[in-house]
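The values are calculated or read from the model by the stated rules, or taken from the named source; none is laboratory data. These numbers were taken from a predicted model, which means no experiment stands behind them. In this analysis, Cβ positions are derived from the backbone assuming ideal geometry, glycine residues included, and neighbour counts consider all displayed protein chains. Calculation scope for accessible area: heavy atoms of the full protein, side chains included, ligands and nucleic acids excluded. Shrake-Rupley method; radii C 1.70, N 1.55, O 1.52, S 1.80 Å.
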Amino acid sequence: MQGLSFLVHGMPKAGKSTFADSGPVPRLSLDVEGSSFWTPSRKIYWDPMCQPPPVPDGTWDTAIVLVREARTVMEVYRVLNSGQHPFNSASMDSVTEVQQRVIDDLAKGQQMDRDKWGALLRQVNAMVRAYRDLITHPVHPLWTMTFVAGTHQRDGRWRPMLQGQAQDYLPYYVDVLGYLDAQPNGSRHMLIGPHPQFETGERLGGRLPYDMLIGDASHPGYTAETMLAQVLQQGRRN
């Protein structure tokens with residue numbers, strides 16, 4: 001068996017960060033936008049550039065890595081790929097902002113030329129695939145890996161907000177491509193089935209509903225962890 005990978009896009013304040021912080025504990029959150037403070041979990045902060053991974057002691061659910069440079073993302077990957085860590089799930093919030101950090105490193109205040117756009121595509125695609133592949137790691141696989149993105153409209157549909165050709169490639173890399181929306185009554189819903197207005201999809205053989213109420217520790221509804229549990233349960237039945 002293996003875990004699930006997600007790419008979730010949506011409007012600002014739609015609940016994407018809360019969903020990202022809902023995988024099996026202990027969790028790791030790469031916080032690029034400073035959005036993790038308000039999610040409903042017990043937290044600890046970890047600096048992978050100068051500290052070993054935190055030890056689960058029952059006082060925290062999510063270890064937060066504040067990402068200010070692209071090299072921090074690669075150092076976290078090095079630790080996760082070593083298998084010597086406590087985490088059962090991870091999230092990157094957001095891949096939209098991580099891409100911008102890579103652009104900052106490549107451009108260094110100058111205009112991006114064609115060679116730099118090509119380098120950007122290679123680096124971001126390789127990074128996302130590397131993190132996604134942690135769900136099949138031979139030593140310590142992650143049960144869920146969630147990528148968060150903003151959304152924008154292109155060709156008449158709302159799509160993950162990424163620059164260059166990455167917006168065409170990344171949706172193919174994950175098991176679940178979801179659009180998360182906040183309703184007027186305060187509820188959050190995630191669409192993963194075919195839709196004419198939103199880029200969404202899944203390759204789970206219908207093991208999850210196409211429209212799911214999203215919950216958290218204090219509200220009923222699906223989380224990344226309960227989605228995983230349902231997929232694995234139905235997989236055993238089949």
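Structure notes:
- In the chain, a dipole from Cβ-located charges (positive for Lys and Arg, negative for Asp and Glu) runs towards its positive end, and of 58, 121, 150 it is 121 whose Cα lies farthest in that direction.
- Per residue solvent-accessible surface (Å²) - region 97-238, probe of 1.4 Å: 52 Å²
- Of 227, 112, 29, farthest towards positive along the dipole that unit charges on Lys, Arg, Asp, Glu beta carbons give the chain: 227
- When all alpha carbon pairs of region 36-76 are counted in 5 Å bins from zero, the resulting P(r) reads 5, 22, 29, 21, 17, 5, 0 %.
- 14 Å beta-carbon shell around residue 171, net charge (K/R +1, D/E -1): +1
- Pairwise centroid distance, computed over Cα atoms, of region 52-78 with region 152-181, Å: 26 Å
- Dipole magnitude for the chain: computed about the Cα centre from +1 point charges on Lys and Arg Cβ and -1 point charges on Asp and Glu Cβ, it is near 340 debye.
- Between residue 165 and residue 50, residue separation times 0.36 nm minus the direct Cα-Cα distance comes to 38.0 nm.
- Gyration tensor (alpha-carbon) shape descriptor, region 91-235, a/c threshold 1.5: prolate
- Assigned charges on the beta-carbon of Lys, Arg, Asp, Glu; region 107-195 dipole about Cα centre (debye): 160 debye
- For region 1-105, size of Cβ-based charge dipole, Lys and Arg +1, Asp and Glu -1, in debye: 200 debye
- Proximity of backbone amide H atoms, modeled 1.01 Å from N, is registered between residue 32 and 67, 93, 94 at under 5 Å, excluding neighbours fewer than 5 places apart on the same chain.
- The slack between residue 137 and residue 172, meaning 0.36 nm per residue of separation minus the straight C-alpha distance, is 10.6 nm.
- Average accessible surface area per residue within region 43-93, 1.4 Å rolling probe, Å²: 47 Å²
- In straight-distance terms, cross-link reach from residue 13 covers every one of the aspartates and glutamates whose alpha-carbon lies under 20 Å from its own, apart from those fewer than eight places away in the same chain; here that gives 21, 31, 33, 93, 97, 181, 199, 211, 216.
- Net +/- balance of residues flanking residue 193 in space, Cβ distance below 15 Å, scoring K and R +1, D and E -1: -2
- Between residue 234 and residue 104, full extension at 0.36 nm per residue minus the direct alpha carbon distance yields a gain of 42.4 nm.
- Annotation for residue 66 and residue 122: the two label points, set 7 Å from Cα along the Cα-Cβ direction, are 3.4 nm apart.
- Descending semi-axes in Å of region 1-86, equivalent ellipsoid built from Cα gyration tensor: 20, 15, 15
- The calculated FRET efficiency for the pair residue 112 and residue 195, based on their C-beta separation and a Förster distance of 25 Å, comes to about 0.20.
- Ordering 94, 5, 40 by Cα displacement along the dipole of the chain toward the positive end leaves 5 in first place; charges were set at the Cβ atoms of Lys, Arg (+1) and Asp, Glu (-1).
- Cleavage-rule hits (trypsin sites (Lys or Arg not before Pro)) in region 2-59: DSSP loop, at most 13 neighbouring Cβ within 10 angstrom: 13, 42
- Estimated [θ] at 222 nm from DSSP helical runs (n ≥ 4, -39500 (n - 2.57)) normalised by residues in the chain, nearest 500: -8500 deg cm²/dmol
- Two-site label geometry, residue 25 and residue 2: point separation in nm, points 7 Å out along Cα→Cβ: 2.8 nm
- By accessible area, using a 1.4 Å probe on protein heavy atoms only, the chain has 52% of its surface on carbon and sulfur.
- Here region 13-41 and region 197-236 have alpha carbon centers that stand 17 Å from each other.
- The local environment of residue 153, defined by Cβ-Cβ distances under 11 Å, has a net charge of +1 under the rule Lys, Arg +1 and Asp, Glu -1.
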